[in-house]
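The values are calculated or read from the model by the stated rules, or taken from the named source; none is laboratory data. The shown structure was predicted, so the numbers you read here are calculated from the model rather than taken from an experiment. Don't worry about glycine lacking a Cβ; one is built from the backbone with ideal geometry, like all the others, and counts go over all protein chains shown. Heads up: the accessible areas ignore ligands, DNA and RNA and are worked out on the full protein's heavy atoms, side chains in. Shrake-Rupley method; radii C 1.70, N 1.55, O 1.52, S 1.80 Å.
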Amino acid sequence: MWPRAVLQCLFLTLLGRVVGGAEGARFAFVGAAALIVTLRTTTGLSDMPMRDKLYGTLPRVHTGHLSPIVVLATRTVPYLVDALVAVVLCLLVVGPVTGNAATSLALAPLLPLYAVVVLTSAAAGLACAALAVRAGVDELIGNGLSYLIIAVGGVLIPPGVLGWADALGSVLPIRHGLQAIRAALAGEPWLAHLAAELGVGLGWALLALVTVARQTRRARRRGDTDFY
């Protein structure tokens, strides 16, 4: 995953340079360093319960002492660590290679903000996983959310440019976290953006919790071997 993350960050940063010069590259680099976490969160985590379904281990999840949501949340830990390491690698490799070494140094103290983005996108990944498991569309939902984040999450295109899309972007993970990171880089107030990101993450986490709880109750009542 790490080589893919670095290459994706490099590609998006170079794309930003082609479109907007040095400033465009800097803007894209900051956004791409956040976007790459979706390889392990919104996309990677959405595959997790599907593997249980395919391998016939969902009944074990249902009948264990821990609730399914606790099991899923615990399994996310390696994904979270993996995603944050990918961010660090991008700062270490892509920044200097693309002429953004100074930006990498400025972003280093802001890694806790990137960690928040990892958590909120992971909450969205768990919600996607819960919603996708019955229909077997984990890749569609997980990748679809990632593409939406690229389009309206403020990764490559500043918020406000697409107009109507801002409303959709405001409920997606990463969008407000990126605004907090960019504001902190510019020496502007950023706590309100961070609070908004945490609120979005909480909303996705509640969606995951409610969905999995409902599916588990229904599965136990019907004797199914699935979340539904």
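Below, the figures for the structure above:
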{"item": "Test for residue 129: is it modelled with pLDDT under 90, crowded, with 24+ Cβ neighbours inside 10 Å and not hydroxyl-bearing (Ser, Thr, Tyr)", "result": "yes"}
{"item": "Residue that is most open to solvent (accessible area, probe 1.4 Å), among those in region 1-39 that are in contact (Cβ under 8 Å) with a residue 40 or more places away in the chain, in contact with a Lys or Arg (Cβ under 7 Å, 6 or more places away or on another chain) and within 23 Å of residue 180 (Cβ to Cβ)", "result": "39"}
{"item": "Residue match in region 96-115 (condition: among the aromatic types (Phe, Trp, Tyr) and under 30 Å from residue 58 (Cα atoms))", "result": "no"}
{"item": "Residue in region 100-108 that is farther than 19 Å from residue 13 by Cβ and open to solvent by 10 Å² or more (accessible area, probe 1.4 Å) present", "result": "no"}
{"item": "Filter result for residue 61 (within 21 Å of the chain's Cα centre (by Cα), open to solvent by less than 50 Å² (accessible area, probe 1.4 Å) and among the β-branched types (Val, Ile, Thr))", "result": "no"}
{"item": "Enumeration of residues in region 185-213 that are open to solvent by 50 Å² or more (accessible area, probe 1.4 Å), modelled with pLDDT of 95 or more and assigned to a helix (DSSP H, G or I)", "result": "191, 192, 193, 195, 198, 202"}
{"item": "Among residues of region 165-184, those that are in a helix (DSSP H, G or I), surrounded by fewer than 16 Cβ atoms within 10 Å (Cβ to Cβ) and either within 17 Å of the chain's Cα centre (by Cα) or modelled with pLDDT of 95 or more (or both), counted", "result": "1"}
{"item": "Residue 76 being among the polar types (S, T, N, Q) and under 18 Å from residue 122 (Cα atoms)", "result": "yes"}
